[in-house]
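None of the figures in this text is laboratory data; all of them are computed from the coordinates on show. Nothing here was measured: the structure is a model prediction, and the numbers come from that model. For neighbour counting, all protein chains shown are included, and Cβ atoms are generated from backbone atoms with ideal geometry for every residue, glycine included.
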Amino acid sequence: MRTKEDQQGTIYSNGDLRKLILPLIMEQLLAILVGMLDTVMISGVGEAAVSGVSLVDNINILVINIFAALATGGAVVAGHALGQKNREQAGESAWQMVLFLLYSSAVMTVILLALHKAILRAIFGQVEEAVMNSAVIYLTITGLSVCPLALYNGCAALFRAMGDSRTTMYISLLMNLLNLVGNAILIFGFGLGVAGAAISTLAARTVAAVFIFKLMFDGKKEINFRGRLTLRMDFLQVKKILYIGIPNGLENSLFQLGKILLLSLVSTFGTSAIAANAVCGTITNFNILPGMAINMALLSVASYCIGAGDFGQTRYYTRKLMRLTWLCMSAVSFIMIVGAPLFLKIYHLTSETTTLALQVIRFHAVMCMVAWVASFTLPNTLRAAGDVMWTMVIAIVSMWVFRIGSAYFFSNVFRLGLIGVWIAMTIDWMFRGICYMVRYRGGKWERAMERRNGNGV
């Protein structure tokens, strides 16, 4: 995919970036649209079903983020190897990452299945019984999809490291179509409700995982598994992956854990607040869609440039992709502000829930233009350089001090309810963005790769 623009001396041409970013945007769009349709379909069963599924989805996202972070670690290590023109090293790192994902996700599956009721009661014990029953059913079944999803995310991260996001887009399309059709059949055709949605999710993720795993054995790919299958862990390779994966995973998991704790707070506001929060969580994903896609692209691009030892181009692409992210997200924010009432009409919500959701969506859209890019796009360059401890510490401190602390403060002192929780979230964004900008401009992240190599990590 990578073609030199000799006249400009750049590694990635504008065409290369388009080929990488556009399929990622389509992939994110597909996932969000299907997630939205999932919520719409389940909403036909009742608000208790929507609320129960949304609560479990936050637990599932916590688990998924852990393995996505490990996949990121493997993709960064493989990307460095590709930048150094070492395909053998890239392939070995990739297989060790996938093997570790399989082992660790199997353990997580057992934990979720064995302790699902205890986990739900501990976190969401105050919710209505109907909401809890839906949550138990959904978590029990979707817990079985942790291994397939971990495998899929690991392989998808490797495809992106190779600059091939088109393949992951097609597989995502397949997965989401299977999920959508399965929902229609199982929820409405067989009347299985929440269980039908969960079974459909499990089946779609399993098919996608098998398909993308098979593609990784193509010997023509820069990163492939041909001739590398072994059940034995190479702890030197795993150490390199975990050096990036563990801090990133700890950051993501504690971030999601904080969101779950805030859901406990939201659950005290009543079923309308829980349902509004669930719907907003889906709709606002459209607002950050281009940012999430470009973030993935920046991680791959920066990893390759850093592996090649070219920090000048790393900074060039960071600036370029951050500008692009802001422009795209500003355009989508305008659409969100104007079109929010129309978007909410497709849900079967009460007038109270609709009014609350409208406030949250518009506030989120404004703040995306102000603070999102520095908080979420910029740190991908730092992670690509192995400067993961800094990003982890800042994210964790900001999450627990500003997002959680402010949310409880706004709730208990000013009685702001759900909107107070979302205001606290954006305070967290602003603090982290400032810290990341200071780190990036200081240049210490550029020496992180040299320290890693010097320590043999």
> What whole number of Å gives the distance from the Cα centroid of region 78-120 to the Cα centroid of region 274-304?
Replying inline: 22 Å
> Which trypsin sites (Lys or Arg not before Pro) does region 390-441 hold that lie in a coil by DSSP with at most 11 other beta carbons within 10 Å?
Replying inline: R415
> Ordered by packing density, taken as the mean number of other Cβ atoms within 10 Å over each peptide's residues, highest first, how do 150-160, 231-241 rank?
Replying inline: 150-160, 231-241
> So, by mean Cβ neighbours within 10 angstrom, what's the order for 332-338, 394-400 with the highest one leading?
Replying inline: 394-400, 332-338
>> Report the Cα centroid-to-centroid distance between region 150-196 and region 205-222 in angstrom, as an integer.
In response: 14 Å
> Can you tell which of L324, C305, N58 lies farthest toward the positive end of the dipole of the chain, using +1 and -1 charges on the Cβ of basic and acidic side chains (Lys, Arg; Asp, Glu)?
Replying inline: C305
>> Show me the helices of the chain, taken as full DSSP H stretches, that run 24 Å or more along their long axis by Cα and average 0.5 or above in Kyte-Doolittle hydropathy.
In response: 14-43, 47-83, 87-124, 165-183, 194-215, 235-267, 271-307, 311-344, 351-367, 418-442
> Pairs K240/K444; K117/K259; K85/K444; K19/K85; K259/K444: which exceed 23 Å Cα-Cα?
Replying inline: K85/K444; K259/K444
> Hey, if you put +1 on the Cβ of every Lys and Arg and -1 on every Asp and Glu Cβ in the chain, which of L158, L180, V194 ends up farthest toward the positive end of that dipole?
Replying inline: L158
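When the helices in the chain are scored as -39500 (n - 2.57) per DSSP H run of 4 or longer and the sum is shared across all residues, what 222 nm value do you end up with, to the nearest 500 deg cm²/dmol?
-27500 deg cm²/dmol
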